[in-house]
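First comes the structure, then the notes that go with it.
The values are calculated or read from the model by the stated rules, or taken from the named source; none is laboratory data. Since the structure is predicted, the reported quantities are computational estimates derived from the model, not experimental observations. Counting neighbours? That spans all protein chains shown, and the Cβs are built from the backbone with ideal geometry, glycine included. Surface areas here come from the heavy atoms of the whole protein model, side chains and all, with no ligands, DNA or RNA. Shrake-Rupley method; radii C 1.70, N 1.55, O 1.52, S 1.80 Å.
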Amino acid sequence: MNSNSSFVAADEIRARFSHAMSAMYRQEVPQYGTLVDLVADINTRTLNAEPALHAQLARADELDRLDVERHGAIRVGTAAELATLRRLFAVMGMEPVGYYDLSVAGVPVHSTAFRPVSDAALLSNPFRVFTSLLRLELITDAALRQKAADILARRNIFTPRALELISQCEAEGGLSAAHADDFVREALETFRWHNTATVDAQTYRALQASHRLVADVVCFRGPHINHLTPRTLDIDAAQAAMPARGMDAKDVVEGPPRRDCPILLRQTSFKALQETVRFTDDEGAHTARFGEIEQRGVALTRKGRALYDALLTEVRDMSNAGSAAPDYTQRLEQAFRAFPDDHGALQAQGLAFYRYSLTAIGHVQARAADAEVSLQPLLAKGWVQADPITYEDFLPVSAAGIFQSNLGGEEQKQYQANAAQQAFEAALGAQVHDEIALYEAAQQRSIDQLRAQLRSAAAAA
Ligand code: OOG
Ligand code: NI
């Protein structure tokens with residue numbers, strides 16, 4: 001797309017934006033800065049203690065991205081806001097991936113993640129933003145629903161200059177260095193926290209009573225970034241170290257249990273801050289913003305994901321307290337014994353995705369004919385290696401747990417489970433990528449490249 005070389009690459013704009021967002025959030029929520037420092041310490045320690053992990057990340061070229069890797073989350077109120085966000089993120093090479101229905105978990109939103117999708121873009125900076133759209137139709141009180149819609153219709157969450165630069169980028173195919181700087185500064189405004197609400201205290205309380213999330217989305221000028229998450233290589237160590245640094249950590253880690261071969265995503269957070277806000281007529285408190293850390297593992301195939309979902313459901317169905325049940329961790333570990341925990345088995349059983357490449361021995365020994373052989377014997381001979389493909393997305397059950405633990409209230413709402421991907425995509429103005437298809441394609445690209453290499457390497461021999 002960036003055919004004009006005077007344009008700043010989308011990857012570069014994303015890196016600058018992610019950096020600016022991180023700097024802003026450090027100022028807004030100092031505990032986030034503490035968490036980033038803690039994660040950096042633990043990552044250094046883990047890499048020193050685990051040479052195999054170090055080698056694996058080095059081979060995958062992931063060491064550099066680790067220090068800057070972040071995801072954030074925002075919640076918007078209207079289709080128009082979501083559609084414009086899609087255009088804003090497109091300037092930075094971020095596309096909507098995946099559909100998450102959180103109504104099943106009592107949260108009146110559905111969501112996608114904006115993130116880079118190509119191998120190179122992910123390596124350069126994998127910044128992602130989990131973006132939720134409020135589902136006003138789930139508010140049962142018709143008058144309140146209308147009031148929320150009216151309030152949302154009156155606000156504009158983008159600066160005029162940001163809108164101008166988005167259009168300019170779309171028309172011209174990129175942004176110059178000066179315009180890219182303007183864009184980062186202007187786009188950042190949309191995500192800034194405002195301690196002044198746009199409504200009176202009574203309206204806030206009415207919306208809050210319908211669901212705490214409704215008040216968070218409707219009562220403010222924009223979709224403040226509600227957390228920013230660094231990636232740790234040892235989430236249990238980080239979780240254990242949080243209290244000593246003054247953070248009120250969530251009790252359990254969401255996602256799969258601790259394993260030798262991490263799969264998908266494990267997450268934990270510190271609880272949201274109570275912040276003073278000014279309503280149009282009074283003062284009050286709001287809880288919205290928190291800190292989170294994540295550990296990422298290998299992406300699972302459809303078969304692997306089905307097994308993950310089945311085991312997680314089995315554990316959660318044992319008690320309706322979800323991950324808050326007292327013996328949850330033991331039950332989780334027990335159930336996940338049914339999930340193979342070495343890469344050889346995960347690979348051979350088609351449970352996880354890998355990038356395949358020729359080893360040094362393979363380079364010397366393999367012949368052109370090997371390009372036509374299946375992968376398993378080449379792996380067995382050590383001519384080909386399989387490196388895990390990192391999971392770049394989110395998990396709906398975990399996300400619901402993160403939402404719940406940070407709304408500041410104990411109440412649980414029930415909604416009819418109703419995934420509405422088509423309605424979401426209509427609001428977004430685009431289809432979301434199927435995340436598993438993206439991993440499948442990444443794996444296939446590596447296989448195609450390997451075979452091409454075998455043919456030519458062998459031809460040269
Ligand atoms: C988003 C919660 C989901 C995650 O990491 O799963 C999320 C939110 O609270 O808005 O960020
Ligand atoms: Ni998150």
Subject >> Contacts under 7 angstrom Cβ, first residue in segment 329-354 being within 12 Å of TYR308 (Cα to Cα) and free of Cβ contacts under 8 Å to residues at least 60 places away in the same chain, partner outside any loop (DSSP other than H, G, I, E, B) and open to solvent by 60 Å² or more (accessible area, probe 1.4 Å), 6 or more apart >> reply: ALA335/GLU314; LEU351/LYS303
Subject >> Check on ALA371, in a helix (DSSP H, G or I), open to solvent by less than 30 Å² (accessible area, probe 1.4 Å), under 16 Å from PRO256 (Cβ atoms) and not hydroxyl-bearing (Ser, Thr, Tyr) >> reply: no
Subject >> Index of the failed condition, GLU292 passing every other in (1) within 25 Å of ALA240 (Cβ to Cβ); (2) more than 16 Å from ligand 1 (Cβ to nearest atom) >> reply: (2)
**OP:** Only one of these is open to solvent by less than 10 Å² (accessible area, probe 1.4 Å), among the hydrophobic types (A, V, I, L, M, F, W, C), in a helix (DSSP H, G or I) and at pLDDT 95 or above: ALA162, ALA153. Name it.
**Re:** ALA162
**OP:** Looking only at segment 319-357, count how many residues are outside any helix (DSSP H, G or I), surrounded by 16 or more Cβ atoms within 10 Å (Cβ to Cβ) and among the hydroxyl-bearing types (Ser, Thr, Tyr).
**Re:** 3
Original post:
Right, LEU228: within 16 Å of ligand 2 (Cβ to nearest atom) and touching a Leu at 6+ places or on another chain (Cβ under 7 Å) or not?
Top reply: no
Subject >> Candidates LEU122, LEU138, LEU82, LEU102, filtered to the one that is more than 27 Å from TYR356 (Cα to Cα) and open to solvent by 10 Å² or more (accessible area, probe 1.4 Å) >> reply: LEU138
Original post:
What are the residues in segment 37-68 that are farther than 21 Å from TYR391 by Cα and crowded, with 16+ Cβ neighbours inside 10 Å, if any?
Top reply: LEU38
Subject >> Meets criteria (surrounded by 14 or more Cβ atoms within 10 Å (Cβ to Cβ), modelled with pLDDT under 95 and either closer than 28 Å to VAL39 by Cα or touching a Leu at 6+ places or on another chain (Cβ under 8 Å) (or both)) for GLU314 >> reply: no
**OP:** Determine if segment 437-451 includes at least one residue that is aromatic (Phe, Trp, Tyr), away from ligand 1 (no atom under 16 Å from the Cβ) and modelled with pLDDT of 85 or more.
**Re:** yes
Subject >> Residue pairs meeting the criteria (Cβ under 8 Å; at least 6 apart or on separate chains; first at pLDDT 95 or above, in segment 183-206; second in a loop (DSSP other than H, G, I, E, B) and small (Gly, Ala, Ser)) >> reply: GLU189/GLY222; THR190/GLY222; PHE191/GLY222; ARG192/GLY222; TYR204/ALA197
Subject >> Sole exception among (1) within 16 Å of ligand 2 (Cβ to nearest atom); (2) touching a residue at least 24 places away in the same chain (Cβ under 8 Å); (3) over 20 Å from GLN347 (Cα atoms) for ALA249, by number >> reply: (2)
**OP:** Taking the options ASP41, ASP61, ASP11, name whichever one is of a type in the set (D, E, K, R) and within 18 Å of GLN239 (Cβ to Cβ).
**Re:** ASP41
Subject >> Candidate set from segment 277-296 (those that are away from ligand 2 (no atom under 16 Å from the Cβ) and outside any strand (DSSP E or B)); member that is nearest to VAL36 (Cα to Cα) >> reply: PHE279
Original post:
Just for segment 285-306: of the residues that are surrounded by fewer than 19 Cβ atoms within 10 Å (Cβ to Cβ) and at pLDDT below 95, which one is farthest from LEU233 (Cα to Cα)?
Top reply: ALA285
**OP:** Give the residue, chosen from ALA60, ALA55, ALA20, that is touching a strand residue (DSSP E or B) at 6+ places or on another chain (Cβ under 8 Å) and of a type outside the set (Phe, Trp, Tyr).
**Re:** ALA60
Original post:
How many residues does segment 266-284 hold that are open to solvent by 10 Å² or more (accessible area, probe 1.4 Å) and among the small types (Gly, Ala, Ser)?
Top reply: 2
Original post:
Going by the conditions given, is VAL214 in a helix (DSSP H, G or I) and either among the aromatic types (Phe, Trp, Tyr) or within 14 Å of ligand 1 (Cβ to nearest atom) (or both)?
Top reply: yes
**OP:** Spot the failing condition for CYS261; the list is (1) assigned to a loop (DSSP other than H, G, I, E, B); (2) within 16 Å of ligand 2 (Cβ to nearest atom), and only one is missed.
**Re:** (2)
Original post:
Does ASP309 satisfy the criteria of being under 30 Å from HIS343 (Cα atoms) and either exposed (fewer than 13 other Cβ atoms within 10 Å of the Cβ) or within 16 Å of ligand 2 (Cβ to nearest atom) (or both)?
Top reply: no
Original post:
Taking helices (runs of 4 or more DSSP H) that do not extend beyond segment 21-111, which have at least 3 residues that are among the charged types (D, E, K, R), touching a residue at least 40 places away in the same chain (Cβ under 8 Å) and away from ligand 2 (no atom under 16 Å from the Cβ)?
Top reply: 79-91
